Amino acid sequence: MKVNRIHHVAYRCIDAKKTVDWYVKHLNMDFVLAIAEDLVPSTKAPDPYMHVFLDAGHGNVLAFFELPTAPAMGRDTNTPDWVQHIAFKVDSLEELEAAKARLQASGIDVIGVTDHTIFKSIYFFDPNGHRLELACDTATTEMQEKLDAVKWDMLEEWSQTRRAPKHAAWMHEKEFH
């Protein structure tokens, strides 16, 4: 068996309506489905919820659960804020910069444009505290081939040393920026 694609990715939200409204307004996602139950289908636990689904493009679906009877949302305090995030692809640097300007005009703090050599991105938070990234690819075919050629060696070295392998140190050299 090979996975076809991600069916949906689900996160918790504080308020389902505010979350849907925010994603529709700021990321132009379509609201595609709402499911509400008093019992969890898989466990039959009495835990009412609202489950909302948004179209993130090309068959990708982002979903949220509002859980009104559960304790307040938290996060893994042992994981830095920058690690857990959802990254969405945009088509061009112009689109990325326009999105940054629109978000900032709406009062949303934005970090970046950050140059990762093979893509550029911006970072910001949704109203639930989830970190989001918008990214546009900038890699050349040569860059992609170089990274593809070393990925397994890098992973193996990391697994042995837990130190950053230098197989792709070229990504931080000026000639590629």
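What is the one condition in (1) within 22 Å of residue 122 (Cβ to Cβ); (2) assigned to a loop (DSSP other than H, G, I, E, B); (3) not assigned by TED's automatic domain parsing to the domain that holds residue 126 that residue 41 does not satisfy?
Answer for residue 41: the failing condition is (1).
Need the failing condition index for residue 64 against (1) part of a loop (DSSP other than H, G, I, E, B); (2) under 24 Å from residue 22 (Cα atoms), just the number.
Every condition holds for residue 64 apart from (1).
Kindly list the number of the only condition in (1) in the same structural domain as residue 26 (by TED's automatic domain parsing); (2) within 16 Å of residue 27 (Cα to Cα) that fails for residue 49.
(2)
Return the pairs, sorted by first residue and then second, in which the second residue is part of a helix (DSSP H, G or I), the first residue lies in the stretch 18-29 and is within 16 Å of residue 89 (Cα to Cα), the beta carbons are less than 7 Å apart, and the residues are 6+ apart or on different chains.
Close Cβ pairs (under 7 Å, with a partner that is part of a helix (DSSP H, G or I)) amount to 26/103; 29/23.
Would you tally the residues in the stretch 93-128 being part of a loop (DSSP other than H, G, I, E, B) and farther than 22 Å from residue 63 by Cβ?
Of the residues in the stretch 93-128, 7 are part of a loop (DSSP other than H, G, I, E, B) and farther than 22 Å from residue 63 by Cβ.
Six or more apart or on different chains, Cβ atoms under 8 Å: show the pairs whose first residue is in the stretch 78-92 and within 13 Å of residue 62 (Cα to Cα) and whose second is modelled with pLDDT of 95 or more and among the charged types (D, E, K, R).
Every condition considered, the pairs that remain are 85/131; 85/133; 86/131; 86/133; 87/133; 88/133.
Of all the residues that make up the stretch 156-168, how many are part of a helix (DSSP H, G or I) and loosely packed, with under 12 Cβ neighbours inside 10 Å?
So the answer is 4.
Mind checking whether some residue in the stretch 54-69 is touching a residue at least 40 places away in the same chain (Cβ under 8 Å) and either touching a Cys at 6+ places or on another chain (Cβ under 6 Å) or surrounded by fewer than 10 Cβ atoms within 10 Å (Cβ to Cβ) (or both)?
Within the stretch 54-69, one or more residues are touching a residue at least 40 places away in the same chain (Cβ under 8 Å) and either touching a Cys at 6+ places or on another chain (Cβ under 6 Å) or surrounded by fewer than 10 Cβ atoms within 10 Å (Cβ to Cβ) (or both).
The values are calculated or read from the model by the stated rules, or taken from the named source; none is laboratory data. Everything numeric in this text was worked out from a predicted model, so none of it was measured. Heads up, the Cβs are rebuilt from the backbone with ideal geometry, glycines too, and the neighbour counts pull from every protein chain shown.
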